[in-house]
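Enquirer: Here it is: the structure, laid out below.
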Amino acid sequence: FFIQKGKVKIYSTGLNGREQIVRFAADGHILGHKGYGKDIYPISAAAMEDALICFIDNDTLNEIFLANPKFSIGLMMYYSSELRKLENRIKNIAQMNIREKTAETLSLILESFGVNKNNELNVSFSREDFASFACSTRQQVVKQLSEFEKDGFIEKRGKKIALLNIERLQKIISKF
């Protein structure tokens, strides 16, 4: 699937039906590419807003790969980049405390969706989704976001978060 326009969360459902968000995707990103071929891919996706998404079936994709080596190499480089990001994220999450996980989550959401003219993350999300992506609990995330607000790093505006000091947030995770 190729996202032409929109914002999507990619997640897996674990024990007791608990959702674990593994990444976000936006305009120009690819979904379902890890399930290419005949393997069952136990990951789901949900649009976070209205989206325009193009599906290309495996047979057509095979024809494109054979006819266009540059496309194949480009997609292979994309896969390689995605794998490096995922491996780095797994390492970081295992070693980070809640402050670092929350800062990294804000940074990754910023990277995926950017900010609007009010310097707010350009996506609305629940604290539950935020906690899922941060590999934490809703209570821990809410507490940490409040601490970040007191420290002047962010400002909470309903479901939106304005980034007031991106550099200081980045500094929290710079050792990773």
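Nothing in this text is a laboratory measurement; each read-out follows from the coordinates by a stated rule. The shown structure was predicted, so the numbers you read here are calculated from the model rather than taken from an experiment. Cβ placement follows ideal geometry from the backbone for every residue including glycine, while neighbour counts extend to all protein chains displayed.
Enquirer: Counting other Cβ atoms within 10 Å of each Cβ, which chymotrypsin sites (Phe, Trp or Tyr not before Pro) in region 49-124 have at most 16 and sit in a DSSP loop?
Expert: Listed in order of number, the matching sites are Phe55.
Enquirer: Length gain on complete extension for the stretch Lys171 to Tyr78, per 0.36 nm per residue less the alpha carbon to alpha carbon distance?
Expert: Extra length available between Lys171 and Tyr78 comes to 30.8 nm.
Enquirer: Suppose the Debye formula is applied to equal point scatterers at every Cα of region 104-144; what is log10 I(q)/I(0) at q = 0.15, 0.20 Å⁻¹?
Expert: -0.35, -0.60
Enquirer: Can you tell me the 0 to 90 degree angle between the C-alpha axis of helix 69-95 and the longest principal axis of the chain, rounded to 10?
Expert: 30 degrees
Enquirer: OK, next. Using just the alpha carbons, could you tell me how many Å³ per residue the convex hull of region 1-92 encloses?
Expert: Details: hull volume 10.3 nm³, N = 92.
Normalising the Cα hull of region 1-92 by residue number yields 112 Å³.
Enquirer: What relative contact order, as a whole-number percentage, does region 42-160 give when Cα pairs under 8 Å and 6 or more residues apart are counted?
Expert: Value for region 42-160: 19 percent.
Enquirer: Would you mind putting 88-94, 161-167 in packing order, based on average other-beta-carbon counts within 10 Å, highest first? Before the final figure, lay out the partial values.
Expert: Working: 88-94: 13.1, 161-167: 16.1.
Ranked by mean Cβ neighbours within 10 Å, highest first: 161-167, 88-94.
Enquirer: With springs only between Cα atoms under 10 Å, which of Ala134, Ala67, Ala51 fluctuates most in a Gaussian network model of the chain?
Expert: Comparing Ala134, Ala67, Ala51 in a Gaussian network model of the chain, the most mobile one is Ala67.
Enquirer: Rg/Rh for the chain: what does it come to with C-alpha atoms and Rh from Kirkwood?
Expert: Here the Rg-to-Rh quotient is 1.00.
Enquirer: Stick to Cα atoms and the Kirkwood definition of Rh, then tell me Rg/Rh for region 42-134.
Expert: So for region 42-134, dividing Rg by the Kirkwood Rh gives 1.05.
Enquirer: GNM, the chain, Cα, under 10 Å: largest mean-square fluctuation among Asp129, Asp57, Asp151?
Expert: Answer for the Gaussian network model of the chain: Asp57.
Enquirer: In a shell of Cβ-Cβ distance under 13 Å around Phe130, excluding Phe130 itself, what net charge do Lys and Arg (+1) and Asp and Glu (-1) give? Write out the running numbers ahead of the final one.
Expert: Values: positive: Lys9, Lys101, Arg127, Arg138, Lys143, Lys156, Lys159, Lys160; negative: Glu19, Glu104, Glu128, Asp129.
It works out to a net charge of +4.
Enquirer: Quote the relative contact order of region 100-176 in percent (integer), defining contacts as alpha-carbon pairs under 8 Å separated by 6+ residues.
Expert: Once normalised by length, the contact order is 34 percent.
Enquirer: Specify the angular offset, from 0 to 90 degrees and rounded to the nearest 10, of the alpha carbon long axis of helix 138-150 from the longest principal axis of the alpha carbons in the chain.
Expert: Tilt of helix 138-150: around 60 degrees.
Enquirer: Which value in deg cm²/dmol, rounded to the nearest 500, describes the helix-derived mean residue ellipticity at 222 nm for the chain, given -39,500 (n - 2.57) per DSSP H run of n ≥ 4 and division by the residue count?
Expert: Helix contribution divided over all residues of the chain: -14500 deg cm²/dmol.
Enquirer: What is the ratio of the Cα radius of gyration of region 41-89 to 2.2 N^0.38 Å, where N is its residue count, to two decimals?
Expert: Values: Rg = 13.9 Å, N = 49, 2.2 N^0.38 = 9.7 Å.
Rounded to two decimals, the normalised Rg is 1.44.
Enquirer: What are the extents of the Cα atoms of region 73-176 along their three principal axes, in Å, largest first?
Expert: For region 73-176, the Cα extents along the three principal axes come out at 45, 32, 25 Å.
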